[in-house]
Structures are given as structure tokens and as C-alpha cells.
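The structure under discussion appears below in the form of C-alpha cells.
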Amino acid sequence: MKNIVTARAHTNIALIKYWGKADLALNIPTTSSLSMTLDQFYTTTSVAFTQEPSDSLILNAEAVDATRVGQFLEMMRGKYGDFPKIAVRSENHVPTAAGLASSASSFAALTVAMFGLLDLPKDEQEMSRLARRGSGSASRSIFGNFAVWNKGVDDQSSFAESFHNEDIGLSMIVAEISAEQKKMSSTKGMQLAQTAPTYAAWVEKSAHQLEEMKKAILHADIEKVGLIAQDNALGMHEQNRLCREPFDYFTAQTQAVIDFAKTCYRQGLLAFVTIDAGPNVKIITDRASERRLLEKFQAEFPDLTFDVARAGGAYEYL
Ligand code: PMV
């Protein structure tokens, strides 16, 4: 039996969003979703058996609260049989301080590392199913390039799969906008959004958009990818504003970056946006426009930090 296993998984950004749970405990979503895995941002996680009385987590060289990781490991013990406590050591190469989600890469890396430590068969479907229990979006971070998470109806049928494992030349420019407002967790945000009177219509539209998105990716039609992704994401945030206790992840700067992307598009550049459970904006473009667009954004927003990410790799053992 191995003593220590290290694995890496990359974060992903959804082009068709997961924003609602049909089953809260199991993370079964209300919609299927589709994402691009990013080369730039990833989590590296080592797991080792320990004699200590509880599971522990060291994140970026600092001992931190291990409640969520402990719950995840308990769930694994229930599923695969009991095993000793685990010391988890994780390094996030994701700008979390700026509100870019790292739970996808974190739970994917932890899942993969644990599969190695427990010598479980490297069944990607099963890894995705497991990662989903940690954080829904983590189900998609097992795969490189593009992944589709088919919502399914229960634990067994809800997992992600690789979709078109090729780089179609899509680029994302991540505008790091620091969060001034208090953060709302994705779980809470989804629960509230589901009370919006327009939520069912967004879910229905999303199913249609997913099929259109798949076609656009297969045709490497980045303009179409961007237009659909932007509409899907703005629709998601609209539910937050229309729900029972309205809330908004956007800051004034978020809106300014969105407006500028729209201006660039009107000027003939490929520029579209997607936004997750925070104020950051990911600008969708293609490889040919990437540099020009980056320069335009840097000139317009000199105080913001921008990172460029492209399609990235599947999980790996180190
Ligand atoms: O995986 P969670 O529970 O953090 O939810 C992620 C939700 C979004 O990032 C907003 C959308 C998505 O599909 O990744």
C-alpha cells in the first residue's frame, strides 16, 4: 500500500452553468452543464495516512479548518470501507483571494489523490461522481479541455464526461476584481435563485443552450460559443436578482468590464463574458484576438489584474 499520493487537477469554467440543486445532499443539479478546463489554474494535493485522531488539511502551507474535507472523507469511508485518518496537504494555484473558485480543482485533486492512496480502479466516471459530492463543479475537473456533466437523476447517473477532448483555440481572459461585498456561498446562492419565478424557464432554456453549445464547440465556432455562454451566465445572475431574497454577485466594476466587452464586440472583436459566484469576469475570446483584447482591457482598467487561460489538461498523478 502506498504511503503518500500526490495528484493535480485543474479548475474549470462553465460555459453552460450549474446553478441549482435537485438534491441538496447529493449535489444532483437541476441542469446539465458544460465547461472548459483551464491550463493556468490548478490544485496540487497530497494525501497520506496518519495516526492523528482526525483528518487534517494544510492549505498553502497553513493549517486550516478541515470540516468540509473531513465530511468528504467520511463519505468515502461510508462508500469504500473504513480507512485511517488522512493528512491532506494542498496547494492552490488559483487566485482565490480574488474570488476565483477553487473548490472544483480542490475536490477533483483530492478525489484523484484518494483513489491513488486507496488503490481504487481509475474509473473516471466514478472519480467524477465522487468529486461531485465534494463540490458539484468538481465533477467536471477530472477531464481536460471540455467536459459535460449530465445531471442524471440520482447518485449513480450524475457524473461528468469528457466532451471533445481537443483545444479549439478558445481563450479566457480572467479579470480579477476584488470582492468588496460579503460573499454568498454557491450552495446558498443556488437555493435562493431557485425561488425566482423565472427559474424554471432558465432551466428549460439551458437544456436547449447546452445542445447548441455542443454543436458550436464541435464546429470550433467561438463566436457562437461566446454568445451562448454569455446569455446563459447573464440569465443565471438574473435569477439571483429576481428571487425571494434578491442578491447580486456583480460589483460596479463587474458591470463596467461586461459593458466594455460588449463595446469591444460591437467594434468587431470577439469578446464575450461569463461570471460565476463572485465578481470576477472571464472574457471569452479566441487565440488570434487574445493579445489585442488583453491590451485593450489593460488600458481601460489599469487597476485590475488580468490572467490569460486556455484549455487545459486532465488530472494527473505527480
Ligand atoms: O461547485 P459549486 O458548488 O461551487 O458551484 C459552482 C457554480 C458555478 O461556478 C457558479 C457554475 C458552474 O457550473 O461552475
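Our helix-only sum for the chain, with -39,500 (n - 2.57) per DSSP H run of n ≥ 4 divided by its residues, gives a mean residue ellipticity at 222 nm of -12000 deg cm²/dmol. One Cα centroid belongs to segment 117-169, the other to segment 252-318; the line between them spans 26 Å.
Measure up Lys17/Lys296; Lys214/Lys282; Lys188/Lys296; Lys205/Lys282 against 25 Å on the Cα-Cα distance and list the ones that go over.
Among Lys17/Lys296; Lys214/Lys282; Lys188/Lys296; Lys205/Lys282, the Cα-Cα distance tops 25 Å for Lys17/Lys296; Lys188/Lys296.
Farthest toward the positive end of the dipole of the chain, out of Tyr265, Val94, Ala233, is the Cα of Ala233, where the dipole comes from beta carbon charges about the Cα centre.
Given axes a ≥ b ≥ c from the Cα gyration tensor, I'd like to know whether segment 200-264 is rounded (a/c under 1.5), prolate (a/b larger than b/c) or oblate. Oblate shape, in that a/c is at least 1.5 and b/c is the bigger or equal ratio.
For Lys21, nonlocal amide neighbours, meaning residues 5 or more places apart or on other chains whose placed amide H falls under 5 Å from its own, are Thr30. Packing-based ranking of 243-256, 111-124 yields 111-124, 243-256, ordered from highest to lowest mean Cβ neighbour count within 10 Å. Projected onto the charge dipole of segment 1-69 (+1 at Lys/Arg Cβ, -1 at Asp/Glu Cβ, origin at the Cα centre), which of Leu59, Ala14, Asn27 gives the Cα projection farthest towards the positive end? Farthest towards the positive end: Ala14.
Taking R0 as 25 Å, what FRET efficiency do you get between His93 and Arg241 from their Cβ-Cβ distance, rounded to the nearest 0.05?
Efficiency at R0 = 25 Å is approximately 0.15.
Taking all Cα-Cα distances within segment 167-237, those exceeding 17 Å account for 58%. Based on alpha-carbon atoms, the Kirkwood radius and the radius of gyration of the chain give Rg/Rh equal to 0.96.
How much length would be gained if the chain were fully extended between Asp39 and Thr263, taking 0.36 nm per residue of separation minus their Cα-Cα distance, in nm to one decimal? Provide the component values of the computation, followed by the final result.
Details: separation 224, 0.36 × 224 = 80.64 nm, distance 2.77 nm.
Residue separation times 0.36 nm, minus the Cα-Cα distance, leaves 77.9 nm.
Across segment 309-315, rounded Karplus estimates of 3J(HN,Hα) from the backbone phi angles (6.51 cos²θ - 1.76 cosθ + 1.60, θ = phi - 60°) give 10, 10, 4, x, x, 6, 4 Hz, Gly and Pro being marked x. In this label model, Asp65 and Arg291 are separated by 4.6 nm, measuring between points 7 Å along each Cα→Cβ vector.
Please work out, to two decimal places, the log10 of the ratio I(q)/I(0) at q = 0.16, 0.17 Å⁻¹ from a Debye calculation in which every Cα of segment 148-197 carries one identical scatterer. Calculated log10 I(q)/I(0) at the listed q: -0.95, -1.00. Stokes-Einstein at 37 °C, 0.692 mPa s, Kirkwood radius from Cα pairs: D for segment 225-318 in µm² s⁻¹? It comes out at roughly 226 µm²/s. Taking the Cα centre of the chain as origin and assigning +1 to Lys and Arg Cβ atoms and -1 to Asp and Glu Cβ atoms, the resulting dipole is close to 260 debye. Tell me, what is the FRET efficiency for Lys224 and Gln51 to the nearest 0.05, using R0 = 51 angstrom and their Cβ-Cβ distance as r? After rounding, the FRET efficiency stands at 0.40.
Set against the 2.2 N^0.38 Å expectation for a compact globular protein, segment 65-223 has a Cα radius of gyration ratio of 1.16. Per residue, the convex hull spanned by the alpha carbons of segment 10-79 comes to 137 Å³.
Quarter the surface of the alpha carbon convex hull of segment 140-268 and you get the mean projected area, 9.4 square nanometres.
Dipole magnitude for segment 1-106: computed about the Cα centre from +1 point charges on Lys and Arg Cβ and -1 point charges on Asp and Glu Cβ, it is near 240 debye.
FYI, it's all coordinate maths here, none of it is from the lab. What you are looking at is a predicted structure, and each value in this text was computed from that prediction instead of being measured. All Cβ positions, even for glycine, are placed from backbone atoms using ideal geometry, and neighbour counts span all protein chains on display.
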